[in-house]
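The values are calculated or read from the model by the stated rules, or taken from the named source; none is laboratory data. Every value quoted in this text rests on a predicted model; they were computed, and no experiment measured them. Cβ placement follows ideal geometry from the backbone for every residue including glycine, while neighbour counts extend to all protein chains displayed.
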Amino acid sequence: MITHLSGTVFEIAPSGVVIDCNGVGYYSTISLQTYTAIHNQKQTLLYVQEIIREDAHLLFGFATKTERDLFNFLISVNGVGPASAVMMLSSMSVVEISSAIINGNSAALQKIKGIGAKTAQRVIIELRDKLLTFDTGEILTGSTNNKIKFEALSALEVLGISKRMTEKIIDKILEENPEIEVEDLIKQTLKKL
C-alpha cells in the first residue's frame, strides 16, 4: 500500500497533482487545502490514501497526516465517498469540519456541495465520539467545553433525562463557569431541573 509520495511536482491543478518519484509519475487527487499548501513547491511530500476498486486504482494526497486522517474518518461514514470527502476538505479546514461535527452543526456541513441533511446528520452521529479525541494539530475553540458538554449530556441520558431538557441548562452553566468539571456540571444541571 502506498502511504506517501515524495518527489518533484510535475503537474498541479486545484483538484490533482502529478508527483514525479524517480522517473515515475503518480497522479493523486487533492483538496484545495493541499493545493494551497503545495502549489508553489518544486519538491513535496504528500501523505496518500490508496483506494483500490475493481475498475480503478485511486490515490488521494494530503499535505498533512491530520487531513488524511480526517479523510479516512469521513469515508468511513456510509454515504460519504472519497469524492464527497475531498469536497468537504476543499470547502472547510480540518479544524472547521471537526468543530462542526463535534458541535452538531449540520447546517455548516450542508453548505458543502453534495452534502444533504441526512448525510450531514449521519456524519455527526457516526464521527462525533471519534473526533472528540482527534488531534487536529490546532486548538478547537471551545473543544474542551464541547467534550465536557457531550459527556454530561450522555451521562444524563443514561439517567433517563432527555437531551432536550438539559442542553440549554448545560450551555448556561458552561457560559458562567467554563472551567467546570463534568461531575459538577452534572450535579448543577440536576439541581436546576
Boolean, residue 72 is surrounded by fewer than 19 Cβ atoms within 10 Å (Cβ to Cβ), at pLDDT 90 or above and assigned to a loop (DSSP other than H, G, I, E, B): no
Total residues in the stretch 146-193, condition among the acidic types (Asp, Glu), over 20 Å from residue 130 (Cα atoms), under 27 Å from the mean Cα position of the chain (by Cα) and surrounded by 13 or more Cβ atoms within 10 Å (Cβ to Cβ): 1
Complete set of residues in the stretch 19-33 that are small (Gly, Ala, Ser) and touching a residue at least 24 places away in the same chain (Cβ under 8 Å): 28, 31
Test: residue in the stretch 107-122 that is part of a helix (DSSP H, G or I), over 23 Å from residue 68 (Cβ atoms) and either among the acidic types (Asp, Glu) or at pLDDT below 85 (or both): no
Candidate set from the stretch 135-169 (those that are in contact with a helix residue (DSSP H, G or I) (Cβ under 6 Å, 6 or more places away or on another chain) and not in a helix (DSSP H, G or I)); member that is modelled with the highest pLDDT: 136
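Restricting attention to the stretch 32-69, report how many residues are assigned to a loop (DSSP other than H, G, I, E, B) and either over 25 Å from residue 134 (Cα atoms) or touching an Asp or Glu at 6+ places or on another chain (Cβ under 7 Å) (or both).
Qualifying residue count for the region: 8.
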Options 124, 115, 102; residue that is β-branched (Val, Ile, Thr) and touching a Gly at 6+ places or on another chain (Cβ under 7 Å): 124
Residue match in the stretch 34-48 (condition: touching a residue at least 12 places away in the same chain (Cβ under 8 Å), polar (S, T, N, Q) and either within 17 Å of residue 75 (Cα to Cα) or surrounded by 14 or more Cβ atoms within 10 Å (Cβ to Cβ) (or both)): yes
